[in-house]
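A short write-up of the structure that comes next.
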Amino acid sequence: MDEKGRSLSETVWTRMDRKAGAIIELTMRQLRHRVSTWVVLGVGALLMALLLIFYIDSVRESFEPIDNDGDSVDNDGDGYPMGQERKYGTPDWDSASYPGASVFISESDIDWNDADRTVALNKSWEGSAFFEASWVDDKYSGEWWDSHVDWNLNQEGIPELTDCSDWDLDRILESIWSEACDMGDGDGDGMNTYYVAGKWRGAGIATVPENYYLLWGYWTEEVYVEPEPPEMYINEDGIDCFNGLFLGGPYERYEAADWEESRVECPSETALSGSHGYDNDGDCLALNDGRGDDENENGIRCDVQWIASNGVVTWIEADELVDEDPDEQEYIGELDHRTFVIAVGKMAFVILLGLFIPLFLSLGLVRDETENGTLHLLLSKPIHRAEFIIYRLSGYLAISGSYVITLSLIVGLISSILGPGDQFVRLSDMPVWIGIGAATTLVLAAYGSLFNAMGLISPKYGVYLCIVFGIWEFMMGSFSIVNPNWTVASISISHWALQMIDAVVLLAWPDTIQWAEMDKAFEIGSGLSVFWQPPVHTLGTASAGIALLNSILVLLIVTASWVFIAKSVFSRREIL
Amino acid sequence: MTNGTQEPPAVLIDQVSKWYGQVIGINDLSMAIDGGVTGVLGPNGAGKSTLFKLMMGRIRPSQGSVRLFGVDPWTNTSPYRRVGYVSESEKLYEWMTALDFVTTLARLHGMTRDEAKERSEHVLDFVGLTDVMHKELGKFSKGMRQRVKIAHALVHDPDLIILDEPLHGCDPLARTSIMSVIREMGEQGKTVLVSSHILEEIERITEQIVILHNGRLLAIGNLHAIRGLLDKHPHRILIKCEDPRSLANLFVSQEPVFGVRFPREGQLEIQTNDLSAAHSVLPSIVVKSKQKISSIENPDDNLESLLSYLIKEGG
């Protein structure tokens, strides 16, 4: 104790809050007086503004109804959209074939080796025959590729054809295809015989040459089918989930009404493992080819197989053309919105801001005081050098951390107002944005302490060391986004911050695994499964909470380690 | 110079050496200082700043030990609770106002914002900067900056104040004001260490001096006692007058004077073995001569002469 009652022992580590407050405030004011601070923070804000413009321009577009499976078009111009033609089994490339059009019904035929090779009928024919005609229909026609025979009738109704009465049989069989030739009235009964190869309609006696075939039949009556509006084939096959009532049974057994009754919100906690999905527009059922209509090979035609483990849907596989045109507002908008949030959080916040802010603000936190010659002012006070480093870093974090948290909340608020959904603000987004802000702040702390230590270890070349570190971190961060399981990437700081975001996303939006699977299964292509994968470091528990704590702990340990290294270097340094 | 109480002295330097590679900064220095104003004298490069940096824990002694209030400042910053330090560095936070600057640094002693502001206003008043305390430091003159630095060192009412060349580069007015501030601190019973390479400056502040030369302690004690030794040594007095020769006639008969020279036109140089005796007879002779004297100088009465004398004596 001195005469003023002050003890030395109580002077260094006591009143730390006041000393900390003073240095933190000083650091913040110093940073505020530097142009580079404003430049880097301004560039960050500008980047976020550009991303929001991109959001409005691109992501919001996905909320508008889009014909994902392209079946609202009418390719062959017959007035029926592709979806309707698929339902009726008519092709969308043949204008003559459309819902309700007359259909050829085959009745019988003479095969290439049948013994009895003559028939007398009034039919629609297809094949090759010597035809002694009592009547032919010159209006029986079709597309050019359909081999319809042109009888070329004159004014009296007599066909005017190539005369082949002098030809031998081989020449006739070789030369005539998609047409007929006139062989004359050999038997004198007043009816000419024609050799015909192709499709025609007429009455007479048909004799089929050896090794040739002929089939015949009739055309049904055409019925009028109301063409459906193309809009009907936009968002007509949404993603369906059911309450388990009908799961696992043969698909055909149930009526659509049953499915409607048991439909639940999708994704949903009740919509777990089993057969989901309903081919609302019937285009899968119309396939009926035994392949695409049971692509997931679960024995049920035209369904979607969902597989869940521990209450989380981990795999979704859809049969072809099932649930392929979902409602944009409900599904694609949601997927694109989540992808935007996660991609911005990872790329723009953690990787870009997380690296550049510390590079500009933390490298010289202690080093610059030495270079400016003002360090002695601070070190002549009862402050330990380690304390000094921690307070300086705290001051830097107070500026940079509050900046990224504010920025993340602003971007979060704007995007959650613009985002899909009926509510004014998507409140469920907020925990994710807070997580992004927190992950970025921890990254700022880790890089801040690292770069500050670099500045102390090598005042002259520290900046180059930091750039090398920055490149490493950028690369590892990018790899971690694509493949978080890659072990090498986990020796980077960015990896753990990205893991933190993955964990927070799963905690805030527990159905994200399911959304990512839906993205893959229904080929929506939002990129969610590229930018987000379930957190890796769960210590075998598959718990997002443990992954989150784990990541936070690693980032804090890294920060503390670099503070300790900086302290060790700084405590031994003589300040000349 | 210890005060003889149980408490360790403010400054205790024990066989301290500090070298930077091949260059010696401090060479086997031992001393204890407690109470009053002590001038640390030495030419540039004598080791004054090195000594202060050792005391402030900025550098570590290569040998020996440094203690402030019994504590090693290299490993423990607790003594700074009772130490105020004015560095030779001119660098300040130029964008801060004087009050802001002193208040901010005061808070590093654990004061609350209000306490710090109150104390800062008080010390800025003490150093005479009340009028300009809301001005930015970047706009301050050299003398004002020195006074701000002193204010920041005094803000926590320290028991030991270390001032490294506080008068350096100041105009005469600032110099006078800083000197009076230092004297006043001494009168308040604080231990004050003030360095300078100008003898006359220290002489106006204190009698208690330490003289450093080439990193060694050359002398420690009362300036007048040291000066007294010097006075017994041949000394010169240079007088500029109208008629040096007639004035010389009056001097040669005097006891302390053993020779005269005329170095230039209108100049008389008196050589003496006893400077104070010579100065005591000087006024009466000047009156007697009825001459107009333009100046009287003591060319040997400076630090360099003192040093060369001490070095010779020591050698």
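No lab work stands behind these numbers, since they all come straight from the coordinates. In this text, all values refer to a predicted model and were calculated from it rather than measured experimentally. Neighbour counts run over all protein chains shown; Cβ positions are idealised from the backbone, glycine included.
Based on the Cα coordinates of the stretch A:104-219, what is the per residue volume of their convex hull in Å³? Could you put the intermediate results ahead of the total?
Numbers: hull volume 12.4 nm³, N = 116.
Considering the Cα atoms of the stretch A:104-219, their hull volume per residue is 107 Å³.
Using every Cα-Cα pair within the stretch A:418-576, state what percent have a distance larger than 22 Å. Display every interim value, and only then the final one.
Working: 6239 of 12561 pairs.
In whole percent, the share of Cα-Cα pairs in the stretch A:418-576 beyond 22 Å is 50.
Amide H of B:Gly64: which non-local residues (sequence gap of 5 or more, or other chain) have their own amide H closer than 5 Å, using H built in the peptide plane?
Residues meeting the amide H criterion: B:Ser17.
Can you give me the angle between helix A:333-343 and the longest principal axis of chain A, using Cα atoms only, in degrees from 0 to 90, rounded to the nearest 10?
Once rounded, one gets 40 degrees.
What is the Cα centroid distance between the stretch A:154-186 and the stretch B:123-170, reported in whole angstrom?
When both Cα centres are located, 125 Å separates them.
Tell me the relative contact order for chain A as a rounded percent, counting alpha carbon contacts under 8 Å between residues six or more apart.
Details: 1005 pairs, mean separation 85.1, N = 576.
Computed over chain A, the figure is 15 percent.
With angles folded into 0 to 90 degrees, how steeply does helix A:385-418 sit against the dominant principal axis of chain A? Use alpha carbons for both and round to 10.
Orientation of helix A:385-418: about 30 degrees from the principal axis.
With an 8 Å Cα cut-off and a minimum separation of 6 or more residues, compute the relative contact order for the stretch B:11-228 in percent. Before the final figure, lay out each step's value.
Working: 432 pairs, mean separation 65.4, N = 218.
Averaging sequence separation for qualifying contacts and normalising by length gives 30 percent for the stretch B:11-228.
Size of the dipole of the stretch A:330-447 about the Cα centre, Lys and Arg at +1 and Asp and Glu at -1 on the beta carbon, nothing else charged, in debye to 20?
The calculation lands at about 400 debye.
Write down the radius of gyration of the stretch B:11-228 and its Dmax, each obtained from C-alpha positions, in Å.
Over the stretch B:11-228's Cα set, Rg and Dmax evaluate to 16.9, 51 Å.
Membrane-span-like helices in chain B: DSSP H runs reaching 15 Å or more (Cα, own axis), mean Kyte hydropathy at least 1.0?
Working: long enough: B:113-126 (19 Å, -1.56); B:142-154 (18 Å, -0.45); B:172-187 (22 Å, 0.14); B:275-289 (20 Å, 1.09); B:303-314 (16 Å, 0.46).
Helix filter hits for chain B: B:275-289.
What 222 nm value per residue comes from the helices of chain A, counting each DSSP H run with n ≥ 4 as -39,500 (n - 2.57) and dividing by all residues, nearest 500 deg cm²/dmol?
Values: 17 runs with 235 residues, N = 576.
My calculation for chain A gives -13000 deg cm²/dmol from helical runs alone.
Nearest 10 degrees, 0 to 90: what angle lies between the long axis of helix A:493-508 and the longest principal axis of chain A (Cα atoms)?
60 degrees
Determine the dipole magnitude for chain A: charges of +1 sit on the beta-carbon of Lys and Arg, -1 on that of Asp and Glu, nothing else is charged, the reference point is the Cα centre, and the result goes in debye to the nearest 20. Mind dumping the intermediate values first?
Working: 33 positive and 90 negative charges, 1933 e Å.
Computed about the Cα centre, the dipole is about 9280 debye.
Radius of gyration and Dmax for the stretch B:234-314's Cα atoms, expressed in Å?
13.0, 43
Along the positive direction of the dipole of the protein assembly as shown (beta-carbon charges: Lys, Arg +1; Asp, Glu -1; about the Cα centre), which of B:Pro158, A:Phe104, A:Gly217 reaches farthest?
The residue sitting most towards the positive pole is B:Pro158.
Fewest to most neighbouring Cβ within 10 Å: what's the order for A:Ile491, A:Ile501, B:Ile198?
On the way: A:Ile491 10, A:Ile501 27, B:Ile198 16.
Lowest to highest Cβ neighbour count: A:Ile491, B:Ile198, A:Ile501.
Taking the mean number of other Cβ atoms within 10 Å as a proxy for protection, how do you rank A:307-317, A:344-354 from highest to lowest? Please report the intermediate quantities before stating the final value.
Numbers: A:307-317: 15.9, A:344-354: 24.8.
Listed from highest to lowest mean packing, they are A:344-354, A:307-317.
With only Lys, Arg, Asp and Glu charged, each at its Cβ (+1 for the first two, -1 for the last two), find how big the charge dipole of the stretch B:275-315 is about the Cα centre; round to the nearest 20 debye. Write down the numbers at each step before the final one.
Working: 4 positive and 5 negative charges, 81 e Å.
Dipole size: approximately 380 debye.
Given the options B:Asn214, B:Asn249, B:Asn44, state which has the largest fluctuation in a GNM of chain B using a 10 Å cut-off (strictly under) for Cα springs.
B:Asn249
Set Lys and Arg Cβ to +1 and Asp and Glu Cβ to -1, take the dipole of the protein assembly as shown about its Cα centre, and tell me which of B:Gly143, A:Leu321, A:Met48 lies farthest positive.
Farthest towards the positive end: B:Gly143.
Using the Cα centre of the stretch A:280-383 as origin and beta-carbon charges of +1 (Lys, Arg) and -1 (Asp, Glu), tell me which of A:Val312, A:Asn288, A:Val350 is placed farthest towards the positive end of the dipole.
A:Val350
Mind jotting down the three principal axis lengths of chain A based on Cα atoms? Whole angstrom, largest first.
Computed over the Cα atoms, the extents are 150, 51, 40 Å.
Counting only C-alpha contacts under 8 Å and six or more residues apart, can you give the relative contact order of the stretch A:104-219 as a whole percent? Can you show the working numbers first?
Working: 263 pairs, mean separation 58.5, N = 116.
Computed over the stretch A:104-219, the figure is 50 percent.
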